[in-house]
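Right, one structure below, let's go through it.
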């Protein structure tokens with residue numbers, strides 16, 4: 001349903017659980033940031049826990065109702081969830097609606113959260129080998145699109161210079177009902193929950209849905225390479241090929257291509273180059289799955305005796321095989337089976353159901369949650385081959401190569 | 001707008017699993033339910049500490065079981081698991097090993113035979129071991145670049161000095177390991193009675209197949225409980241890691257086990273210190289001073305003891321300040337009574353966490369698992385839940401005085417010298 005203020009609401013009832021989840025997806029992510037003030041959407045997510053005029057301590061309120069809650073920011077959107085024992089669902093709705101309506105922003109809380117996010121930056125991206133891979137890879141793989149920076153931000157300085165006035169503007173522009181999706185899953189009575197939503201979420205706030213207009217990159221752009229000499233234990237590489245976005249009909253076959261290459265121990269890259277003819281200590285392939293055109297990434301760490309030439313030749317031989325030969329029915333069935341298992345397991349607990357519903361609604365239609373399976377099952381060997389030929393172009397490959405400091 | 005009334009948390013739902021214990025000492029436990037056609041099979045071996053066998057070695061043995069068994073080659077095993085869309089996952093700690101298989105219920109019966117062969121009849125082929133060993137050495141090197149791993153290892157070495165739990169992984173250790181030793185450890189730890197927990201939807205056929213297999217096994221009984229006395233070192237240890245942007249601090253001790261009268265109170269104390277987002281340490285080090293992305297504490301019971309520790313990665317140049325603040329918070333708990341308000345918040349948080357742990361059939365099975373393996377009464381969780389309401393502020397203060405003296409703690413700091 002949709003409230004008069006533009007908030008879209010989705011329900012999923014499950015009377016077998018003692019819990020209920022309130023999930024709010026806000027249609028703003030790192031791609032909406034100013035290139036000179038990156039990391040802002042994520043920093044802002046931290047500030048959403050800083051209290052409101054009505055509820056000064058968000059966490060204390062959440063704890064008093066036995067809640068488990070958290071949030072994350074992606075390049076595309078920001079997601080908040082809270083799971084409570086179902087008898088306190090009304091309190092959870094009250095709490096979440098309150099901070100969506102108004103938050104208390106102070107220099108003091110901005111100052112502390114800046115420091116916290118800088119420590120997060122170090123912990124996740126800087127203080128471990130290869131931790132900066134995505135910071136380095138994005139600006140090579142994207143030229144114009146704002147995916148060229150990571151959600152944490154381009155650099156620590158961007159976070160340091162964030163201003164309170166920007167924070168306020170961001171909240172007023174993007175945190176509006178028209179740009180948000182509320183999903184509720186778990187144990188509740190429909191009539192009752194509708195009354196509560198009406199009571200707490202009907203507030204008016206001027207604004208509009210994020211038009212999502214971003215500078216796009218050419219799909220056949222030529223890639224770039226960067227060599228990094230760092231305190232890392234082994235040679236390692238990250239390769240990125242441009243692929244379609246999450247809503248494109250080719251997305252499903254593209255996703256399965258990365259599975260053929262790197263999902264499970266028997267996948268081609270893992271079987272061939274970790275086990276059969278070991279050249280790497282680890283190797284992976286995956287797609288980003290962002291809304292706008294994204295990347296297929298192949299990443300590996302070389303064994304000490306492996307030369308770069310051997311490593312590259314090995315990977316390319318598997319990529320070329322996908323282009324030159326149809327994948328067997330057996331191989332395709334195998335990766336579809338793997339997909340089905342992970343799909344079934346991702347719809348088990350009430351918080352992931354709520355997130356999945358909100359996500360598909362944000363992509364266009366919550367009902368898609370039931371249609372994805374068919375789309376994956378319909379992928380054919382010829383489609384895989386056609387897409388492999390489109391994707392695995394040496395000229396569009398962007399890459400980073402890590403070399404240990406001697 | 002007026003806040004809705006908060007509803008008290010009164011009880012936690014509990015679904016009781018069915019069990020069958022075989023004469024060879026193995027136990028099979030199952031719980032039917034869930035909305036998706038999926039199932040989870042978890043194998044658990046409980047281990048007594050054995051002189052000279054390190055936890056990392058048993059982890060290697062477990063991973064190597066997939067590299068070939070009497071009836072299946074490595075390649076067959078990985079093909080079969082992947083074809084049927086089965087995800088396997090190792091878990092475990094020093095005192096137990098666990099292997100979990102997730103899959104669609106209809107696919108799992110085809111794998112039961114493989115499962116038993118892999119678990120009980122691994123062959124540890126020489127060539128597969130060489131490849132595995134090589135990759136393992138690389139991943140060890142990689143792990144040494146993270147302050148968190150370095151802190152955990154140094155902490156365990158000194159918390160469990162003179163005990164097998166204090167034996168931590170090293171490059172030499174991996175190099176010296178061979179297939180003979182893999183076989184030796186496997187027979188010492190894994191050719192022993194074990195438990196299997198099966199949960200999910202429509203699992204009847206699966207349970208029956210597993211039961212038949214288990215019943216016919218001949219396994220050597222576990223050795224008598226021979227728990228070596230454990231003492232720990234109370235000291236401050238610093239290890240330099242040049243160029244670190246964050247230091248890792250790990251502070252803790254051995255404390256009381258599940259059957260000790262202080263145990264429940266200590267769980268509450270742990271939550272106050274670092275067991276939830278609003279904990280004393282989070283409030284001070286993160287939300288007030290911005291020294292860390294996250295700081296937490298945990299209390300992990302094993303046998304008649306438990307391991308308690310605080311862990312955080314903190315701004316490298318201010319690691320000393322972080323240590324001082326942690327000390328200050330522990331001293332405050334010793335000197336001042338916790339307010340009723342804060343204690344109530346902690347209790348509702350813990351009770352909430354317990355109810356959160358009842359979401360879905362797998363979560364219910366985890367509860368049963370804990371009850372069965374630790375020989376707890378079936379109303380353990382409900383009675384713990386109720387006991388929480390009886391905890392008083394002065395008990396918290398007494399426990400702090402008893403267990404949190406700064407000089408009684410093992411304190412590890414890895415990173416830059418301040």
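The values are calculated or read from the model by the stated rules, or taken from the named source; none is laboratory data. These numbers come from a predicted model, not from an experiment. Here Cβ is always computed from backbone atoms with ideal geometry, including for glycine, and neighbour counts include all displayed protein chains.
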### Message
Just to verify a result, which residue in region A:343-369, among those that are modelled with pLDDT under 95, assigned to a helix (DSSP H, G or I) and closer than 22 Å to residue A:287 by Cβ, is farthest from the other protein chains (Cβ to nearest Cβ)?
### Response
A:368
### Query
Pick from B:57, B:70, B:46: which is over 18 Å from the mean Cα position of the chain (by Cα) and away from chain A (no Cβ under 14 Å)?
B:70
### From B:148, B:202, residue being modelled with pLDDT of 95 or more, under 30 Å from residue B:363 (Cα atoms) and not in a helix (DSSP H, G or I)
B:202
### Message
From the list B:104, B:9, B:31, exactly one residue is in contact with a helix residue (DSSP H, G or I) (Cβ under 9 Å, 6 or more places away or on another chain) and either over 30 Å from residue A:65 (Cα atoms) or surrounded by fewer than 18 Cβ atoms within 10 Å (Cβ to Cβ) (or both). Which is it?
### Response
B:104
#### Entry: Residue list for region A:49-72, restricted to those being within 21 Å of the chain's Cα centre (by Cα) and surrounded by fewer than 21 Cβ atoms within 10 Å (Cβ to Cβ)
A:49, A:70, A:71, A:72
### Query
Since residue B:142 meets every condition but one in (1) free of Cβ contacts under 8 Å to residues at least 12 places away in the same chain; (2) within 14 Å of chain A (Cβ to nearest Cβ); (3) under 30 Å from residue B:403 (Cα atoms), which condition does it not meet?
(3)
### Query
Restricting region A:263-288 to residues that are closer than 16 Å to residue A:239 by Cα and under 19 Å from the mean Cα position of the chain (by Cα), which is surrounded by the most Cβ atoms within 10 Å (Cβ to Cβ)?
A:285
### Task
Identify, from the list A:114, A:99, the residue that is part of a helix (DSSP H, G or I), touching a residue at least 12 places away in the same chain (Cβ under 8 Å) and either in contact with a strand residue (DSSP E or B) (Cβ under 6 Å, 6 or more places away or on another chain) or closer than 26 Å to residue B:318 by Cα (or both).
A:114
### Message
From the list A:28, A:9, exactly one residue is assigned to a loop (DSSP other than H, G, I, E, B) and either crowded, with 22+ Cβ neighbours inside 10 Å or more than 11 Å from chain B (Cβ to nearest Cβ) (or both). Which is it?
### Response
A:28
### Query
From the list B:31, B:81, B:9, which one is within 14 Å of chain A (Cβ to nearest Cβ), modelled with pLDDT of 95 or more and either farther than 29 Å from residue A:339 by Cβ or not in a helix (DSSP H, G or I) (or both)?
B:31
### Within region B:319-359, tally of residues that are out of contact with any strand residue (DSSP E or B) (no Cβ under 7 Å at 6 or more places or on another chain) and outside any helix (DSSP H, G or I)
6
### Task
Only residues that are out of contact with any strand residue (DSSP E or B) (no Cβ under 8 Å at 6 or more places or on another chain) and assigned to a loop (DSSP other than H, G, I, E, B): list them for region A:221-262, please.
A:222, A:244, A:245, A:246, A:247, A:248, A:249, A:250
### Per-region count, region B:360-379, residues more than 14 Å from chain A (Cβ to nearest Cβ) and either in a helix (DSSP H, G or I) or within 29 Å of residue B:293 (Cα to Cα) (or both)
6
